[in-house]
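The values are calculated or read from the model by the stated rules, or taken from the named source; none is laboratory data. Note that the coordinates shown come from a computational prediction; the quantities given were computed from them, not determined experimentally. Glycine also receives a Cβ, built like all others from the backbone with ideal geometry; neighbour counts cover every protein chain displayed.
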């Protein structure tokens, strides 16, 4: 079998479980691709080649360990790893070697995953750009904060990578890099062992090249192994294209992507596709998310702020100062608003629709290395704790990828994956259909 690095995680997992390919050969193909491209893309902070090769050889000799058997995996450098340094994107932790894996990483290893290395994250998963370039055009951003993970998967360096989202750090880079990014329901994957930016918002997820890929990774990382068995839709869902308070920011390429996705979704929808605008109550979602995030950041990073102020970037220093200036009374009001909004969105999913189609980002990836892009179209859904998945749909004026996100109701992760695969199969572009 040639070009092993181009296999999706699902394809590779099937071949590995049937012993049609060796874990060692797949890993070497990925390492060869990294050797060809890393100087340009710069997706990695560190690589554990020797440990990974030893693990691959062990897996080739032994029994099948689990769903991730033999798959090379990139781990966002926000997740603790016992055998690789973990810097959280900050010089403060340049020589930090955790004693234990994050829970999600340990579960990936238990299921036979090979942790190949740590991928670039922005500083503490905030907004300061990292070193990574967009593999489709290196003058453009890959997005943030899961920049290295998204770029490495998009550039065929690895089939799977972990990510996290506090504002838009999975969905936006997935859209910018043209891959599938999955942010499960809040709390679906344990955050233990992952440096926290905002305790009530941080959500762990993953990147792959197909819906099946991210379902496999999330199944292992969450312990909900049935996620990997994506079921066919037996009932036609009510599907809405959803306008939010920031709809005026949508660029032409995103509008086109929404139309193309809507055309595919209409084939499976119950009745006509709904064009909906969220009630005015939801207009404050993005601002409330931003304030809650800044306020919690100012407390979660208080040690670094007091002990190592000169090692923090001006960008994060300013955000921490803004967060510290938010009174606890104001923070509590935003939290109360979020609780009310979550109750209301649950009612809307019960009474009006089952699935939402919405922008993943304003448009294609900006032509900038210092700007990771605006997360405005992700903030609200993150605050609501809803499961979201990005599908690559079309390209923009600079021939960069443009995605849309599908959003399901609270806890409806199984349904979301089923709907995403079905909609992907209905896309007109045969390349885009490969995401299923």
Item to complete: Restrict the check to the range 270-286 and report whether at least one residue is in contact (Cβ under 8 Å) with a residue 40 or more places away in the chain, within 22 Å of the chain's Cα centre (by Cα) and surrounded by 15 or more Cβ atoms within 10 Å (Cβ to Cβ).
Response: yes
Worksheet item: Of the residues that make up the range 18-38, is at least one touching a helix residue (DSSP H, G or I) at 6+ places or on another chain (Cβ under 9 Å), part of a loop (DSSP other than H, G, I, E, B), farther than 29 Å from residue 227 by Cα and modelled with pLDDT of 95 or more?
Response: no
Worksheet item: On the given criteria, is residue 156 closer than 30 Å to residue 309 by Cβ and not assigned by TED's automatic domain parsing to the domain that holds residue 371?
Response: no
Practice prompt. Being touching a helix residue (DSSP H, G or I) at 6+ places or on another chain (Cβ under 9 Å), surrounded by fewer than 24 Cβ atoms within 10 Å (Cβ to Cβ) and at pLDDT 95 or above narrows it down to one of 193, 163, 143, so name that one.
Written response: 193
Worksheet item: Restricting attention to the range 235-251, which residues are buried (at least 21 other Cβ atoms within 10 Å of the Cβ) and over 18 Å from residue 175 (Cβ atoms)?
Response: 239, 240
Discussion item. Could you go through the range 377-395 and let me know if any residue there is modelled with pLDDT of 95 or more, over 28 Å from residue 228 (Cα atoms) and either over 18 Å from the mean Cα position of the chain (by Cα) or in the same structural domain as residue 150 (by TED's automatic domain parsing) (or both).
Written reply: yes
Response to the item:
Selection over the range 5-14 where residues are free of Cβ contacts under 8 Å to residues at least 40 places away in the same chain and either surrounded by fewer than 18 Cβ atoms within 10 Å (Cβ to Cβ) or over 21 Å from residue 211 (Cβ atoms) (or both) yields a count of 1
Worksheet item: Out of all the residues in the range 67-84, is one or more assigned to a helix (DSSP H, G or I) and in the same structural domain as residue 173 (by TED's automatic domain parsing)?
Response: no
Worksheet, complete the sentence: By my count, helices (runs of 4 or more DSSP H) wholly in the range 145-241 with at least 1 residues that are within 12 Å of the chain's Cα centre (by Cα) and either over 24 Å from residue 256 (Cβ atoms) or without any contact (Cβ under 8 Å) to a residue 12 or more places away in the chain (or both) are 147-154, 211-222
Discussion item. Residues to consider are 367, 358; find the one that is surrounded by fewer than 24 Cβ atoms within 10 Å (Cβ to Cβ) and in the same structural domain as residue 259 (by TED's automatic domain parsing).
Written reply: 367
Discussion item. For the condition in a helix (DSSP H, G or I) and crowded, with 24+ Cβ neighbours inside 10 Å, what is the one hit in 108, 59?
Written reply: 108
Worksheet item: Given the conditions (1) crowded, with 24+ Cβ neighbours inside 10 Å; (2) in contact with a strand residue (DSSP E or B) (Cβ under 7 Å, 6 or more places away or on another chain), which single one is not true for residue 46?
Response: (1)
Worksheet item: Considering only residues of the range 342-363 that are assigned to a strand (DSSP E or B) and touching a helix residue (DSSP H, G or I) at 6+ places or on another chain (Cβ under 6 Å), which is farthest from residue 374 (Cα to Cα)?
Response: 355
Worksheet item: What are the residues in the range 252-269 that are exposed (fewer than 14 other Cβ atoms within 10 Å of the Cβ) and part of a loop (DSSP other than H, G, I, E, B), if any?
Response: 267
Worksheet item: Going by the structure shown, is residue 183 touching a helix residue (DSSP H, G or I) at 6+ places or on another chain (Cβ under 8 Å) and either in the same structural domain as residue 371 (by TED's automatic domain parsing) or surrounded by fewer than 24 Cβ atoms within 10 Å (Cβ to Cβ) (or both)?
Response: no
Item to complete: With the condition kept exactly as written, say whether any residue in the range 119-133 is modelled with pLDDT of 95 or more, in contact with a helix residue (DSSP H, G or I) (Cβ under 8 Å, 6 or more places away or on another chain), closer than 23 Å to residue 12 by Cβ and assigned to a strand (DSSP E or B).
Response: yes
